[in-house]
Amino acid sequence: MRFRASGAGNDFPRFVSDAGAGRDAMRASRIVALGAVWHARLDRERLRGFTILEVCVVLFIVAVLFVVAVPPAAHLLDEEKLQQPIRELQSFARTARRNAMLEDRAYEVLLLDDSYVLHPASKDNSGSDNRRTYELPADITFAIKRLADRDFAKHADARWIFSSNGLCEPLTFLFQHGSDWIRFRVDPLTATIQTEESYIQ
């Protein structure tokens, strides 16, 4: 047996469902409206850009960093200008010492005003002299002090001898670039730099 609800009974559920749908529609419309407002606010923030005060603050920070970082960088560049010819001189000394011991003959490094020249102190029968040259930078000068010297002196053509047993004359060098300088002594036993001092502005 089937029972059918009357007309009044059918209208009440339909009224309840219509009211719920209306609330859902209102809630959805509010969400859409809030999203539109939020996106509009973001668009205004993007279009606004930076104020003059913000730009000035950023420029001030960049200027402070530049002032703090530039002096150490310039200091390192000035020191590197002096260190490069010193490294070359040490390489010449080590090569002269090694070749003198291997070939059992004396080698010498000519310390000229503008260059170093490495070659055997005397030519062999083969006629090869194993010459090696390094040109000093134009703004770098150096002076040497021997054991008998009281002060540094510039020599136009100084000879630095490395004997066949690996020993060399102990020399003290002073390299200068403007007001900057590096002073060091070379160990006669190992031909390595000892007791380095420097003044770099």
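All of the numbers you see were taken from the coordinates with simple rules; none came from a lab. Treat the numbers as computed from the prediction; the structure is a model and nothing was measured. Using ideal geometry, Cβ is built from the backbone for each residue, glycine included, and neighbour counts are taken over all protein chains shown.
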For Tyr199 and Ala63, extending 7 Å from Cα along the Cα-Cβ vector and measuring point to point gives, in nm, a value of 3.4
Starting at the first residue of segment 78-94, write each ³J(HN,Hα) from the Karplus equation 6.51 cos²θ - 1.76 cosθ + 1.60 with θ = phi - 60°, in whole Hz, x for Gly and Pro. 5, 5, 5, 4, 7, 6, 4, x, 5, 4, 5, 5, 5, 5, 4, 5, 5
What is the extension gain from Lys154 to Tyr134, computed as 0.36 nm multiplied by their sequence separation minus the C-alpha to C-alpha distance, in nm to one decimal? 5.4 nm
Amide H to amide H under 5 Å from Arg105: which residues, 5+ apart in sequence or cross-chain, H placed 1.01 Å off N in plane? none
Taking K and R as +1 and D and E as -1, what net charge do the other residues with C-beta under 12 Å from the C-beta of His177 add up to? -4
Karplus couplings for segment 173-182 from phi (6.51 cos²θ - 1.76 cosθ + 1.60, θ = phi - 60°), rounded to Hz, Gly and Pro as x? 10, 10, 9, 10, 9, x, 8, 8, 8, 9
Within segment 84-115, list the trypsin sites (Lys or Arg not before Pro) lying in a DSSP loop whose Cβ has at most 16 other Cβ atoms in a 10 Å radius. Arg105
Here the gain from full extension of Thr51 to Ser91, 0.36 nm per residue of separation minus their alpha-carbon distance, amounts to 8.6 nm
